[in-house]
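**Student:** Please read through the structure below; I'll follow up with questions.
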Amino acid sequence: MSDPIQKVSIIVSKGSLEGVYPALIMANGARAEGIEANLFFTFFGLDVVHRSTIDHIKVATVGNPGLHLATMAGGLPGVSSVMTHYLEKKMEKLDIPPIHEFVEMIADTGAGIYACKASTDLFELAKDDLIEQVMDIITVGEFYAMAAGGEIIFT
Amino acid sequence: MPIANYAGTAVTLNDEGFFEDPSQWTEAMAPEIARAQGVDELTEPHWQVIKFMRTEYTEKGTGPTVRVLGKTSGVSVKELYQLFPKGPAKMAAKIAGIPKPRGCI
């Protein structure tokens, strides 16, 4: 058997519901296996740790062929909200926590939660704009130092 | 299949170290399994989780995930990871002599 994974560093660069959940599930799952985990939110992924957007993450209904919905239909007002609501209901039945609660839970598992400095500069965000679970705003160099010796996953 | 000796009794484990037959488990074995997992002493909250694992397994045929443990065992997720640092559901299941819980959340 191969050596078990000891540490994962997961980069979240997307701000859509389907872009965010896989990373959260992988981080939480890593901790459940006793694997050290760090989450690094960059670019639109910052929406997940931004106080005013964390509760409004939506499914991308345009440019998302996996949804099997005509692009023009996906672009109609409200379609993204309806689709998000539908998925959230399904996830609730499976006891998959809403994003905000999930991030809080992942912080409680001892995983590190960080925001990317280049992105917070770009979107003009300060630490106060971010949820309290964010431990720090770090540079890419600091990220690599933190990720050393482990696996890096980009989502 | 590996055979282990806990509290003077031989038990069958699977390759990951979980009990093949949960009925072979007794409470007396728990401290010994825990020590092998790096938990030197089983405190009251440890036992609360272990007993909860056993009850859930008996009732549902499968052990709870960390998410379920955090919501229903009376021990918070934060505390669960302090008690069982290498993964609460996995470690507690091993110590409680039940199969590894399957679940993604």
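Quick note: the coordinates plus some simple rules give every number you see, no bench work behind them. These figures come from a predicted structure and were not determined experimentally. Virtual Cβ from ideal backbone geometry, glycine too; neighbours counted across all protein chains shown.
**Student:** List the residues, sorted by chain then number, that are 5 or more residues from A:A60 or on another chain and whose placed amide H is less than 5 Å from its amide H.
**Tutor:** A:L17, A:E18
**Student:** Which residues' amide hydrogens lie under 5 Å from the amide hydrogen of A:I153, considering only partners 5 or more residues apart or on another chain, with H built in the peptide plane?
**Tutor:** It is A:S9, A:I10, A:I11, by chain and number.
**Student:** Computed FRET efficiency, Cβ-Cβ of B:A10 and B:K86, R0 35 Å: what is it to the nearest 0.05?
**Tutor:** Numbers: r = 25 Å, r/R0 = 0.72.
It comes out at approximately 0.90.
**Student:** How big is the range A:113-155 in terms of Cα radius of gyration and Dmax, in angstroms?
**Tutor:** In order Rg, Dmax, the Cα atoms of the range A:113-155 give 11.2, 32 Å.
**Student:** DSSP beta bridges in the protein assembly as shown, what fraction antiparallel, as a percent rounded to 5? Please list the in-between numbers first.
**Tutor:** On the way: 6 of 23 bridges.
Antiparallel bridges make up about 25 percent of those DSSP assigns within the protein assembly as shown.
**Student:** Would you please state the base-10 log of I(q)/I(0) at q = 0.10, 0.12, 0.18 1/Å for chain B, with intensities from the Debye formula using one equal scatterer on every alpha carbon?
**Tutor:** Log10 I(q)/I(0), no solvent term: -0.23, -0.34, -0.79.
**Student:** Turning to a different aspect of this structure: If amide hydrogens are placed 1.01 Å from N in the peptide plane, which non-local residues have theirs closer than 5 Å to the one on A:F41?
**Tutor:** Result for A:F41 returns A:V12, A:Y114, A:A115, A:C116.
**Student:** Which one, A:N38, A:N64, A:N28, has the greatest fluctuation when you compute a Gaussian network model over chain A with C-alpha springs under 10 angstrom?
**Tutor:** With Cα springs under 10 Å in chain A, the top fluctuation among A:N38, A:N64, A:N28 is at A:N64.
**Student:** Please report, to two decimal places, log10 I(q)/I(0) for the range A:23-70 at q = 0.15, 0.16, 0.26 Å⁻¹ as given by the Debye formula with identical point scatterers on the Cα atoms and no solvent.
**Tutor:** Computed log10 I(q)/I(0) values: -0.60, -0.66, -0.96.
**Student:** Which whole-Hz couplings ³J(HN,Hα) result when phi for each residue of the range A:141-155 is put into the Karplus expression 6.51 cos²θ - 1.76 cosθ + 1.60, θ = phi - 60°, listed in order with x for Gly and Pro?
**Tutor:** x, 5, 4, 4, 4, 5, 7, 3, x, x, 8, 10, 10, 9, 10
**Student:** Show me, for the range A:90-106, the HN-Hα J-couplings you get by feeding each phi into the Karplus relation (A = 6.51, B = -1.76, C = 1.60, θ = phi - 60°), rounded to Hz, glycine and proline as x.
**Tutor:** Taking θ as phi minus 60°, the curve returns 4, 5, 4, 5, 8, 6, 8, x, x, 3, 4, 5, 5, 5, 4, 5, 5 Hz for the range A:90-106.
**Student:** Let me ask you something else. Run down the lysines and flag those whose C-alpha is under 22 Å from the C-alpha of B:K51, throwing out any fewer than 8 positions away in its chain.
**Tutor:** B:K60, B:K71, B:K78, B:K86, B:K90, B:K94, B:K100
**Student:** Also, I was wondering about something else. Using a 10 Å Cβ count of at most 16 others and DSSP loop calls, identify the longest part of chain A lacking such GluC sites (Glu not before Pro). List each step's numbers first, then the result.
**Tutor:** Working: sites that count: A:E33, A:E124, A:E132.
The longest such stretch corresponds to A:34-123.
**Student:** Taking the convex hull of the Cα atoms, report for chain A its projected area averaged over all directions, in nm².
**Tutor:** Values: hull surface 41.5 nm².
For the Cα atoms of chain A, the hull's average projected area reads 10.4 nm².
**Student:** Let me ask something else. I'd like the Karplus ³J(HN,Hα) series for the range A:14-30: coefficients 6.51, -1.76, 1.60, θ = phi - 60°, whole numbers in Hz, and an x wherever there's a Gly or Pro.
**Tutor:** Rounded to whole hertz, the list is 10, x, 9, 4, 6, x, 9, 4, x, 5, 5, 5, 5, 5, 4, x, 4.
**Student:** For q values of 0.07, 0.10, 0.16 Å⁻¹, compute log₁₀ I(q)/I(0) with the Debye formula on a Cα-only model of the protein assembly as shown, without solvent.
**Tutor:** The Debye formula, applied to the Cα set alone, gives -0.30, -0.59, -1.16.
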